[in-house]
Amino acid sequence: MDIRNVVIIGSGCAGHTAALYSARANLKPLVIEGHEPGGQLGMTTSVENFPGFPDGIQGPELVENMRKQASRFGAEYRIGHVSKADLSSKADLSKRPVELTIGKEVIQTRTLIIASGASARWLGLPSEHALIGHGVSSCATCDGFFFSGKEIAVIGGGDSAMEEATFLTRFASKVTLIHRRDQFRASKIMLDRAQANPKIAFLTDTVVDEVLDVGKKEVTALRLRNLKSGASWDFPTSAMFLGIGHIPNAKIFEGQLDADADGYLITHKNVFTKVAGVFACGDVQDRRYRQAITAAGSGCMAALEVEKYLEEEGH
């Protein structure tokens, strides 16, 4: 079996940037695209905060440009999902390579870059899914600007929701935070800050049953239901932001790599995991910034560390 120099799991900003740098270093990287090719940017419409695009760029176009650029230098892309990763009990991949199972195939690699990202938690409504990028968003810092002067809603009751709602008051005329319970999971300081903001209103014991209006390809209202009274009504709004957290795509590394309580991979020196030759970058290990540009930057770091590691190991 041929042993690869580097395999990259994930094809968002972190994965594509890692592929570009490792391809330019002539390492012939293999990129496994995963369940969500393009990552979260693949579901985003206009991206206006990525440097170099003064007029903005569509999210899918940005990641496709990255893919083409990496491919030009020799990166190989393969559609598939890694169902198993054997990092071995030995923290020394120079003696035993990583083994990855993709479908029925097993691939060995001297180094591994985990750029598998994190998936936003959604409500699971068909109308919600249809309007992602058209008024439904999981990223306030990405999309809040588009709703300047408008009334918008945030779903959730934890720190993520409070943070999103507070941030969105910079743009929106009013933010309504909708939570299914009457108690909040948010820390006291975050909750106090949100409750003290005159632009934030609260709707508790309330759930979203439908997002309107798919036919118009824009959010015009939310069909809400009070869990205690059963009353249902249409709540006019220009956007719905999800603040119910993210799920890092790192389950296959459970028990092999260190992770925090929410499943984000723990790294040191930016991108190093506890296993030599295995690096993590982007949203799978970054729960703080979660931006396209920071993901790209960490992908660059991971690729440079892979190049250095392989040189030191004589490859």
Name every residue in the range 22-46 that is in contact with a Cys (Cβ under 7 Å, 6 or more places away or on another chain) and farther than 14 Å from A115 by Cα, in order of residue number.
T44
The number of residues in the range 1-36 that are in a helix (DSSP H, G or I) and either hydrophobic (A, V, I, L, M, F, W, C) or surrounded by 20 or more Cβ atoms within 10 Å (Cβ to Cβ) (or both) is 11
Quick check on my filter: what residues within the range 230-261 are among the charged types (D, E, K, R) and under 17 Å from the mean Cα position of the chain (by Cα)?
K251, D260
I'd like to check something: does the range 178-200 contain any residue that is surrounded by fewer than 21 Cβ atoms within 10 Å (Cβ to Cβ), in a strand (DSSP E or B) and out of contact with any helix residue (DSSP H, G or I) (no Cβ under 9 Å at 6 or more places or on another chain)?
no
Residue list for the range 147-176, restricted to those being more than 22 Å from the chain's Cα centre (by Cα) and farther than 21 Å from H134 by Cβ:
T169, R170
Some residue of the range 258-276 being free of Cβ contacts under 8 Å to residues at least 12 places away in the same chain, assigned to a strand (DSSP E or B) and surrounded by fewer than 22 Cβ atoms within 10 Å (Cβ to Cβ):
yes
Residues of the range 215-244 that turn out to be buried (at least 17 other Cβ atoms within 10 Å of the Cβ) and outside any strand (DSSP E or B), as a count:
6
Return yes when V7 is in contact with a Leu (Cβ under 6 Å, 6 or more places away or on another chain) and assigned by TED's automatic domain parsing to the domain that holds Q285 and no when it is not.
yes
Restricting to the range 143-172, what's the tally of residues that are more than 13 Å from A239 (Cα to Cα), in a helix (DSSP H, G or I) and of a type outside the set (D, E)?
5
Taking the stated definitions as given, is F184 farther than 17 Å from A120 by Cβ and among the aromatic types (F, W, Y)?
yes
Restricting the range 74-97 to residues that are charged (D, E, K, R) and not in a strand (DSSP E or B), the residue that is modelled with the highest pLDDT
R96
Answer residue from the range 288-310, given it is buried (at least 17 other Cβ atoms within 10 Å of the Cβ) and in a loop (DSSP other than H, G, I, E, B) and is farthest from the chain's Cα centre (by Cα) among those
Q291
Residue pairs, Cβ under 8 Å, 6 or more apart or interchain, first in the range 114-137 and touching a residue at least 40 places away in the same chain (Cβ under 8 Å) and in a loop (DSSP other than H, G, I, E, B), second among the β-branched types (V, I, T) and surrounded by fewer than 16 Cβ atoms within 10 Å (Cβ to Cβ). List them.
R121/I247
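The values are calculated or read from the model by the stated rules, or taken from the named source; none is laboratory data. The structure displayed is predicted, hence computed values, not measured ones. As a convention, Cβ positions derive from the backbone with ideal geometry for all residues, glycine included, and neighbour counts pool all protein chains shown.
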